[in-house]
Amino acid sequence: MTRTVYVNGDYLPEEEAKISVFDRGFLFADGIYEVTSVLGGKLIDFEGHAKRLARSLAELEMASPAPRGELLKIHRELIARNRIEDGLVYLQVTRGVADRDFAYPAPETPPTIVLFTQAKPGLADSPAAASGISVISIRDQRWGRRDIKTVQLLYPSMGKMMAKAAGADDAWMVEEGTVTEGTSNNAYIVKGSTIITRNLGTEILHGITRAAVLRLAKEAQMTVDERPFTIAEAMAADEAFITSASSFVVPVVSLDGQRIGRGIPGPIATRLRKIYLDESRKAAI
Ligand code: PDD
């Protein structure tokens, strides 16, 4: 079955979908995106992703491509047309098409909007969640506005390749002695019964999964400490894990080749994953 994608108002077979060579997303990485997961044909935390999209647009003074209701309709239409049971919907918005110039084009320039799906059968039963993953630490060499979800993903891509070359699954990025986040996820450690994760700021993406997991952890009477932590602290932690829309909650069992805790998925990460998936499925739309 050919995948159907959405480009600027049209649903098209992916082979027929086209973007201008003068699109600012291509020329300047002048674009933002969102990734929303789909479980059982329904969207997980669409509201959170729609809100962060609006925030990214506002931070970059970019025009909104469509109202929230219209975006929801397009997401659902693509899920239906591509028969997605479990998977992901990507929404990409750029500042549109203009002759190459660093200055932004006129504000009335229509934004480019693209949505596409990825089918991921069994997304919530990934082997990584059962076994835990290994990470390495690398320098954080990204730009300074990581709170905006831009399509500028070259350094995270390089980080994944560094991890691969080291025989690990992913990388945690370190800046001025503390962990910012994973290449495409937020990073956590657990010491005793306290969950520690970096506080929000411009240094990290404000994960939608992070917000939900911290809320659910607090509702389950767990202690959460939002502050930066070091690699040394992570090495001495009882557990570690990551969160993202595409992985939910995944335990981290080794860091730079050293075991974390007992080197197996810990009880808190395992419990949070279950709570998150149960609650998200209930609230999915
Ligand atoms: N990544 N930090 C970074 C740098 C990310 O790229 C992501 C998301 C997150 C987690 O955010 P959320 O919980 O809203 O997914 C944190 C998406 C899934 C991606 O891989 O493109």
Taking only the alpha carbons of the range 4-122, what extent do you get along each of the three principal axes, in Å, biggest first?
-> 44, 31, 21
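To two decimal places, what compactness ratio does the range 226-279 give when its Cα radius of gyration is scaled by 2.2 N^0.38 Å?
Values: Rg = 11.6 Å, N = 54, 2.2 N^0.38 = 10.0 Å.
Computed over Cα atoms of the range 226-279, the ratio equals 1.16.
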Non-local amide H neighbours of LEU43 (under 5 Å, H modeled in plane, Pro and chain starts lacking H): which ones?
-> ILE285
Label-reachable residues, the range 209-241, where backbone N falls under 15 Å from a point 7 Å from ARG262's Cα toward its Cβ | 238-240
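Suppose we take every Cα in the range 1-61 and form the convex hull; what volume per residue is that in Å³? Spell out each step's value before the answer.
Details: hull volume 7.1 nm³, N = 61.
Hull volume normalised by residue count: 116 Å³.
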Any idea what angle helix 154-165 forms with the longest principal axis of the chain, computed on alpha-carbon atoms, 0 to 90 degrees, nearest 10?
-> 40 degrees
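Listing ARG95, ARG273 from the residue with the fewest other Cβ atoms within 10 Å to the one with the most, what is the order?
Working: ARG95 25, ARG273 21.
Ranking ARG95, ARG273 by Cβ neighbours within 10 Å, fewest first, gives ARG273, ARG95.
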Long-range amide H partners of TRP172 with built H, under 5 Å | ILE136, SER137, ILE138
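Which FRET efficiency value, to the nearest 0.05, do you get for ASP99 and SER64 by plugging their Cβ-Cβ distance into 1/(1 + (r/R0)^6) with R0 = 30 Å? Present the calculation step by step, with values, prior to reporting the outcome.
Numbers: r = 23 Å, r/R0 = 0.78.
Approximately 0.80, to the nearest 0.05.
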The range 23-62 and the range 128-206 have their Cα centres apart by a whole-number Å value of 19 Å
Relative to the chain, whose Cα atoms define the longest principal axis, helix 46-59 and its Cα axis are tilted in degrees, nearest 10, by 70 degrees
Could you tell me how many degrees, from 0 to 90 and to the nearest 10, lie between the Cα long axis of helix 208-219 and the main elongation axis, the longest principal axis, of the Cα atoms of the chain?
-> 40 degrees
Using alpha carbon positions and the Kirkwood radius, the Rg to Rh ratio of the chain is 0.97
Per residue convex hull volume, Cα atoms of the range 164-280, in Å³ = 97 Å³
Other-chain or far-sequence residues with amide H under 5 Å of VAL252's (modelled H) | ILE133, ALA240, PHE241, ILE242
Mind sorting ARG24, ARG215, ARG76 by how few other Cβ atoms lie within 10 Å of their own Cβ, fewest first?
-> ARG215, ARG76, ARG24
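When only C-alpha pairs under 8 Å and at least 6 residues apart count, what is the relative contact order of the chain, in percent? Let's see the in-between values first.
Values: 572 pairs, mean separation 53.2, N = 285.
Dividing the mean separation by the residue count of the chain yields 19 percent.
Throughout, read-outs are computed from the coordinates displayed, never taken from laboratory work. Everything numeric here is computed off the predicted structure, so don't read it as measured data. Cβ coordinates were reconstructed from backbone atoms using ideal geometry, including for glycine residues, and neighbour counts include every protein chain displayed.
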